[in-house]
Amino acid sequence: MPMTEEQIRKAGMVLSNPRNQKAEVQALQDTIYAIGGKWRLLIINSICTGNRRFRDIQRSIPGLTTRMLSRELKDMEANQLIKRTVREEATVVIEYSETDYCLSFGAIILEMIIWGKTHREKIKKAMRNSKK
């Protein structure tokens, strides 16, 4: 679903308004630190779609190694994006869940998914047109 001309115009107005660029850079750096990188949004998406256990999360994301997943989960827990719960049943079960804090940027993630789909289609269309 591509952006309408009106949405593009509004986005341009917002981005071109005078702002405190230094403060925005810091805020963007903080955001990228918390949710950036190759795997974090994919891990959040996996957990939010019902994959709660380590192996389930790993299997849902092609190319994600156990070492990298372990490191990312620890960092995400430290940033209060996920909660690690240990349940003692017949065996110890460790589950991960999204926190309310994590869900606070759910709408942004959904917009990123929409943008990503639109971008992929735009590039594919441009590539098809360039081959003509």
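The values are calculated or read from the model by the stated rules, or taken from the named source; none is laboratory data. Values in this document were obtained by computation on a predicted structure and should not be read as measured data. Don't worry about glycine lacking a Cβ; one is built from the backbone with ideal geometry, like all the others, and counts go over all protein chains shown.
Sort through Arg53, Arg67 and tell me the only one that's surrounded by fewer than 14 Cβ atoms within 10 Å (Cβ to Cβ) and either touching a residue at least 24 places away in the same chain (Cβ under 8 Å) or in contact with a Cys (Cβ under 9 Å, 6 or more places away or on another chain) (or both).
Details: Arg67 fails: either touching a residue at least 24 places away in the same chain (Cβ under 8 Å) or in contact with a Cys (Cβ under 9 Å, 6 or more places away or on another chain) (or both).
Testing whether each residue is surrounded by fewer than 14 Cβ atoms within 10 Å (Cβ to Cβ) and either touching a residue at least 24 places away in the same chain (Cβ under 8 Å) or in contact with a Cys (Cβ under 9 Å, 6 or more places away or on another chain) (or both) leaves just Arg53.
Look at the stretch 8-29 and say how many of its residues are polar (S, T, N, Q), modelled with pLDDT under 80 and surrounded by 10 or more Cβ atoms within 10 Å (Cβ to Cβ).
0
Out of Ala23, Ala27, which single residue is under 22 Å from Glu111 (Cβ atoms) and either touching a His at 6+ places or on another chain (Cβ under 6 Å) or in a helix (DSSP H, G or I) (or both)?
Working: Ala23 fails: under 22 Å from Glu111 (Cβ atoms).
Unique residue meeting the criteria: Ala27.
Among the numbered conditions (1) more than 15 Å from Leu42 (Cα to Cα); (2) without any contact (Cβ under 8 Å) to a residue 60 or more places away in the chain, tell me where Thr118 comes up short.
Only one criterion in (1) more than 15 Å from Leu42 (Cα to Cα); (2) without any contact (Cβ under 8 Å) to a residue 60 or more places away in the chain is unmet by Thr118, namely (2).
Does any residue of the stretch 107-120 turn out to be among the polar types (S, T, N, Q), surrounded by fewer than 11 Cβ atoms within 10 Å (Cβ to Cβ) and modelled with pLDDT under 95?
We begin by selecting, within the stretch 107-120, every residue among the polar types (S, T, N, Q); these are 118.
Now narrow it down to the ones that are surrounded by fewer than 11 Cβ atoms within 10 Å (Cβ to Cβ): none.
No, the stretch 107-120 contains no residue that is among the polar types (S, T, N, Q), surrounded by fewer than 11 Cβ atoms within 10 Å (Cβ to Cβ) and modelled with pLDDT under 95.
Is the stretch 75-91 home to any residue that is more than 20 Å from Ala34 (Cα to Cα) and either in contact with a Lys or Arg (Cβ under 8 Å, 6 or more places away or on another chain) or among the small types (Gly, Ala, Ser) (or both)? Even if it seems obvious, please write down each step before you answer.
Step one: filter the stretch 75-91 for residues more than 20 Å from Ala34 (Cα to Cα), giving 85-91.
Now drop any that are not either in contact with a Lys or Arg (Cβ under 8 Å, 6 or more places away or on another chain) or among the small types (Gly, Ala, Ser) (or both), which leaves 90.
Checked against the condition, which is being more than 20 Å from Ala34 (Cα to Cα) and either in contact with a Lys or Arg (Cβ under 8 Å, 6 or more places away or on another chain) or among the small types (Gly, Ala, Ser) (or both), the stretch 75-91 yields at least one hit.
Just checking, does the stretch 87-100 include any residue being farther than 20 Å from Ile57 by Cβ and of a type in the set (Lys, Arg)? Steps first, please.
Kept after step one, since they are farther than 20 Å from Ile57 by Cβ, are these residues of the stretch 87-100: 88, 90.
Now narrow it down to the ones that are of a type in the set (Lys, Arg): none.
Checked the stretch 87-100: no residue is farther than 20 Å from Ile57 by Cβ and of a type in the set (Lys, Arg).
Whether any residue in the stretch 71-91 is in contact with a Phe, Trp or Tyr (Cβ under 6 Å, 6 or more places away or on another chain), assigned to a helix (DSSP H, G or I) and either surrounded by 13 or more Cβ atoms within 10 Å (Cβ to Cβ) or modelled with pLDDT under 95 (or both) is what I want to check.
yes
Which number in (1) farther than 30 Å from Ile123 by Cα; (2) among the β-branched types (Val, Ile, Thr); (3) at pLDDT 95 or above marks the one condition that Ile43 misses?
Every condition holds for Ile43 apart from (1).
Return the pairs, sorted by first residue and then second, in which the second residue is loosely packed, with under 12 Cβ neighbours inside 10 Å and of a type outside the set (Val, Ile, Thr), the first residue lies in the stretch 87-103 and is more than 16 Å from Leu42 (Cβ to Cβ), the beta carbons are less than 8 Å apart, and the residues are 6+ apart or on different chains.
As it stands, the answer is Val93/Arg87; Ile94/Arg87; Glu95/Arg87, since those pairs meet every condition given.
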